[in-house]
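Reviewing the structure listed below.
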Amino acid sequence: MGLNILIVDDSPIMRSMIKRILNLSGLDIGEMRFAGNGDEGLTVMHAHWLDLVIADLNMPVMDGFEMISRMRGDEVLRNIPVIVVSTEGSGTKIEKLRGMGVTGIVHKPFSPEEILKAVNEVVYEAANES
Amino acid sequence: MKAENLTHTLEATASSVLGEAAFAMVDGPSDWDEPPQLLPAKDMIAARLQFQGPFTGSMFLAAPVTLAHELAANMLGLELDDPEATLRRGDAVGELLNMICGNLLPLIAGNAPEFSIGAPATVDCAAARDMAGAHPEDLRAIVTLIVEDEPVEAALFLDDFPPEAATLP
């Protein structure tokens, strides 16, 4: 069964870029869903089964940190693996993400290979844990 | 920090992002024989964003409409005649600006400080150019790059920039 993936980014072009990379990757993709901020992302997460969330950090309404924090506090959502794709280079923020259990961190601009490497690692990690 | 170092860092960062994210060929000032002629504002798509942190400021990026279309197509892997490239050209300029800013600030201030980078917004290019003229004291770096043979403008404005915040010489 294919991976059900949610892409959370306020930039439509970034959502389209990641979608295209995943579609061309050869990965077994199930449903791909999209949200423009963390709040919309949480709504999608509660409505659909997801195997992976790929999220930006800087977003209006609810940023990526808040979204991940709420996921970790939610019994249903806490185990969904998250990859962060962001321009953020601050060591403090990277540490904060690691502390929230985010292992996949991809820095913009990225190559398709970097996204795929992160997806493979995070999904493999999650499969090993379950 | 010396102004020329800031300008050079902006030039290098913008060139790198445009090359990596949009697969564009970029020539900077060191490659020119003479400065390129800027296009009329009406032929440009411009984006601006604000940031806050150890120092606050804003950035501006403007690209000719035709180039913005090409950048959007490159970023999305589309043919140039794909209507989605037309739809996404403003967003492409905004996202490239976001990446330039996100990569530039740690080069100026180091990796430790946290910045909050606002969402890029498409703005009127003439107004953005006027801002540079109206607030010369805040304009810390401005560069024109030749991207795929067309001029792209990038500028960095800093409202309150304590010299001790800089890690660059």
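The values are calculated or read from the model by the stated rules, or taken from the named source; none is laboratory data. Just so you know, these numbers come straight off a predicted model, no measurement behind them. Here the Cβ positions follow ideal geometry from the backbone for every residue, glycine too, while neighbour counts run over all protein chains shown.
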Name the pairs: first residue in the stretch B:18-33 and touching a residue at least 12 places away in the same chain (Cβ under 8 Å), second residue in a loop (DSSP other than H, G, I, E, B), Cβ to Cβ under 6 Å, at least 6 apart or on different chains? B:LEU18/B:ALA24; B:ALA21/A:PRO109; B:ALA24/B:GLU148; B:MET25/B:GLU148
Within the stretch A:13-44, which residues are touching a helix residue (DSSP H, G or I) at 6+ places or on another chain (Cβ under 7 Å), buried (at least 17 other Cβ atoms within 10 Å of the Cβ) and assigned to a helix (DSSP H, G or I)? A:ILE13, A:MET14, A:SER16, A:MET17, A:ILE18, A:ILE21, A:GLY38, A:GLY41, A:LEU42
Just the residues that are part of a loop (DSSP other than H, G, I, E, B), out of contact with any Pro (no Cβ under 7 Å at 6 or more places or on another chain) and either within 9 Å of chain B (Cβ to nearest Cβ) or not acidic (Asp, Glu) (or both), please, taken from the stretch A:64-89. A:GLY73, A:VAL76, A:LEU77, A:ARG78, A:ASN79, A:ILE80, A:PRO81, A:THR87, A:GLU88
Within the stretch B:100-112, the residues that are assigned to a loop (DSSP other than H, G, I, E, B) and within 7 Å of chain A (Cβ to nearest Cβ) are B:ASN111, B:ALA112
Got a number for residues in the stretch B:70-83 being within 26 Å of B:ILE117 (Cβ to Cβ) and more than 7 Å from chain A (Cβ to nearest Cβ)? 4
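To keep it simple, each residue is scored yes or no on (1) over 29 Å from B:ASP31 (Cα atoms); (2) modelled with pLDDT of 90 or more; (3) among the charged types (D, E, K, R).
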{"residue": "B:GLY94", "(1), (2), (3)": "no, yes, no"}
{"residue": "B:LEU104", "(1), (2), (3)": "no, yes, no"}
{"residue": "B:GLY110", "(1), (2), (3)": "no, no, no"}
{"residue": "B:ALA141", "(1), (2), (3)": "no, no, no"}
{"residue": "B:ILE146", "(1), (2), (3)": "no, yes, no"}
{"residue": "B:PRO163", "(1), (2), (3)": "yes, no, no"}
Considering only residues that are over 21 Å from B:LEU18 (Cα atoms), in a helix (DSSP H, G or I) and aliphatic (A, V, I, L, M), which ones fall in the stretch B:113-142? B:ALA126, B:ALA127, B:MET131, B:ALA132, B:ALA134
